[in-house]
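So the structure is just underneath, and the comments pick up after that.
Read-outs: derived from the displayed coordinates by stated rules, not from any lab. All values reported here derive from a predicted model rather than from experimental measurement. A quick note on method: Cβ atoms are made from the backbone with ideal geometry, for glycine too, and the neighbour counts reach across all protein chains shown.
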Amino acid sequence: MKTSVSSFEKTARENSISESFSETDYQNCISTLSHEVKNQLTLMDSSMQLLSKKYPEIAESPLWQQICQDLHETFRVLKTACSFATSKSLYQEPIHIKSFLTNIARSFSSMMHEKGIYFDAAFDDCLSSVFISADATKLKEVLTNLILNAVDALCLNTPDSLSKNRCISLLAGLDSQNLSCLNIHVKDNGPGIPDEYLPTLFDPFVTHKANGNGLGLFIVKDIINQHSGSISVQTSSSGNDTYTDFRIQLPLIQV
């Protein structure tokens, strides 16, 4: 006789598992699973590269191109899952903010040139002696996420985005009202963010992208909060241009 688990028993079992698992356990579980799946995907990717070298004509197949695109997207999802799992783990150290931001700007310069986007990186002179306490890897992840979001917004291939001069700015300086805080801005002149999206912009699993998972900005805000900082966004208009400005505020430290 075939038996089935009642909804009550199923709920009780799930609650029991939830109670026995701490947040750290869940994070470790996600991280381990993501790592194992990534290893298998890496093997698949290597095999596909060997195939494409042996049979170059396969690269012209739409099906092959779709497989490559799907594999790339799966890697991206896994990277997000790993970021979500490890977002609570910080390894903070003193960071010279001007050097840090200069390196990030340099790493994006080639991409911006290829996409025809003007990339403006400007940091106040007073930052030459300014340090913050931060996890460099996590903070780089935050800025990379915001900059890539700006690139996506400018590359929507709408008539407006193709006709105007596209620009992304990475700016930094001391807060004029609180000199013990650093302000970092990531700005773009894309289509802007509709007002109705703003209240839930940093909520988990809320996305307005066709291929989004709703975790990117949630992780960004979580990392900034752990650095005792804050993040906000503002959309404004000037003439025919719309500007989106993400502002990160972080406390300075004495070194």
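Tabulated results
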quantity: By average C-beta atoms within 10 angstrom, highest first, the peptides 51-60, 68-77; calculated: 68-77, 51-60
quantity: Inter-part distance where the stretch 100-133 and the stretch 223-255 are each reduced to a Cα centre, Å; calculated: 15 Å
quantity: Proxy reagent accessibility, fewest Cβ within 10 Å first, across LYS138, LYS209; calculated: LYS209, LYS138
quantity: Cα shape, the stretch 93-253, gyration tensor, a/c 1.5 rule; calculated: prolate
quantity: Length released on extending from GLN69 to ASN39, taking residue separation times 0.36 nm less the Cα-Cα span; calculated: 9.0 nm
quantity: Phi-based couplings in Hz for the stretch 232-243 (Karplus 6.51, -1.76, 1.60; Gly and Pro marked x); calculated: 9, 9, 9, 10, 9, 10, 9, x, 8, 9, 10, 10
quantity: Formal net charge of residues neighbouring LEU127 (Cβ-Cβ distance under 15 Å; K, R +1; D, E -1); calculated: -2
quantity: Extension gain from ASP203 to ARG106, taking 0.36 nm per residue of separation minus the Cα-Cα distance; calculated: 31.9 nm
quantity: Pairs from LYS140/LYS209; LYS38/LYS115; LYS54/LYS79; LYS54/LYS115; LYS187/LYS209; LYS98/LYS209 whose Cα-Cα separation, in the structure shown, is over 26 Å; calculated: LYS38/LYS115; LYS54/LYS79; LYS54/LYS115; LYS98/LYS209
quantity: Within-13-Å neighbourhood charge of LYS115 [Cβ basis; K, R +1; D, E -1]; calculated: -2
quantity: Radius 9 Å from Cβ of TYR243, net charge of other residues (Lys, Arg +1; Asp, Glu -1); calculated: -2
quantity: Gyration tensor (alpha-carbon) shape descriptor, the stretch 203-255, a/c threshold 1.5; calculated: oblate
